[in-house]
Amino acid sequence: MHIGDLINYEYIIRVAAAVAFGFCIGLEREITNKYAGLRTHIMVALGACIFTLISIYGFPTFADGDNVIVTQATGIRDTGRVAAQVVTGIGFIGAGTVLRNGPMVLGLTTASTLWIAASIGMACGAGMYDIAFAGTALAILTLVIIRVFERNVLPSSTKRTRMVKVNIICPNDSTQTVQDFIISKFSDISEFKKRLLSAEGNITKITCVIGVADKKPIIKINKVFSELNDVESVSIEEYNE
């Protein structure tokens, strides 16, 4: 028996195609610095492709290549049974990329790209290269074009809002000045507290929670508060409810 008799080159092509398409989607996620990047998407597409191949061709008792064998005991084999479980199983991996940060939920887009990567892998496993190519192209175009659209057309979208907690230590006689400064600079203030620090005597601590539509809210707020005088210290941190 020659080694060529043991290798089905059509299977190799399908697996390679799944890896290539998974790489393309994973590259977009990697460039945008998401939790699930190149390796995750490649492995999802590859795994889905292999499961689909096993589902279609891996049970010679019931099938011979592309010809489905009908037996009196079993009837027609359900070639989609194993592959169907991929759709359910990929949900566990997708759930691992979804994070809750206070009122915001992050990672849903990445979870959906893993779901798409699985479907593309299944398409490659079934030999449907046209669907796999079209799905990959459309997924990447959607991710890139919609991101540009959101940045330029929807800059004030609530999805971009980050909540930041600011603690300011200042003299008592500067409290009103600091309060007026915060109100003049920020419109989205969900919490504002003032507390006299008795241990320090003439010192007040102001705490406020501010919403900022920016990917780097701490840097932006720090720049704004650098204009504020008559304060002893300012601490800034992302706020998680």
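Each residue of region 136-144 was assigned a 3J(HN,Hα) from its phi angle through the Karplus curve 6.51 cos²θ - 1.76 cosθ + 1.60 (θ = phi - 60°); the sequence is 5, 4, 5, 5, 5, 4, 5, 4, 6 Hz, with glycine and proline shown as x.
Would you kindly state how much longer the chain becomes between Leu196 and Phe149 on full extension, computed as 0.36 nm times their sequence separation minus their alpha carbon distance, in nm to one decimal? All intermediate terms of the calculation are to be shown ahead of the outcome.
Values: separation 47, 0.36 × 47 = 16.92 nm, distance 4.64 nm.
That works out to 12.3 nm of additional length.
In this structure, the amide hydrogen of Ala213, modeled 1.01 Å from its nitrogen in the peptide plane, lies closer than 5 angstrom to those of Arg162, counting only residues at least 5 positions away or on a different chain. The trypsin sites (Lys or Arg not before Pro) found in region 166-221 that occupy coil by DSSP, while having at most 11 further C-beta atoms within 10 Å, are Lys215. Counted over all Cα-Cα pairs of region 158-238, pairs farther apart than 19 Å make up 32 percent.
Taking Lys and Arg as +1 and Asp and Glu as -1, the other residues whose beta-carbon sits under 11 Å from that of Leu38 total +1.
In a shell of Cβ-Cβ distance under 14 Å around Lys185, excluding Lys185 itself, what net charge do Lys and Arg (+1) and Asp and Glu (-1) give? Summing Lys/Arg as +1 and Asp/Glu as -1 gives -2. Going from the fewest other Cβ atoms within 10 Å to the most, the residues Asp130, Asp188 appear in the order Asp130, Asp188. Neighbour counts of C-beta atoms inside 10 Å place Ile189, Ile168 in the sequence Ile189, Ile168, starting with the fewest.
Counting beta carbons within 10 Å around each of Glu150, Glu227 and listing the fewest first gives the order Glu227, Glu150.
We did not get these values from a lab; they are worked out from the coordinates using the rules stated. Worth saying up front: this structure is predicted, and the values here are computed from it rather than measured. We place every Cβ from the backbone using ideal geometry, glycine too, and count neighbours over all the protein chains shown.
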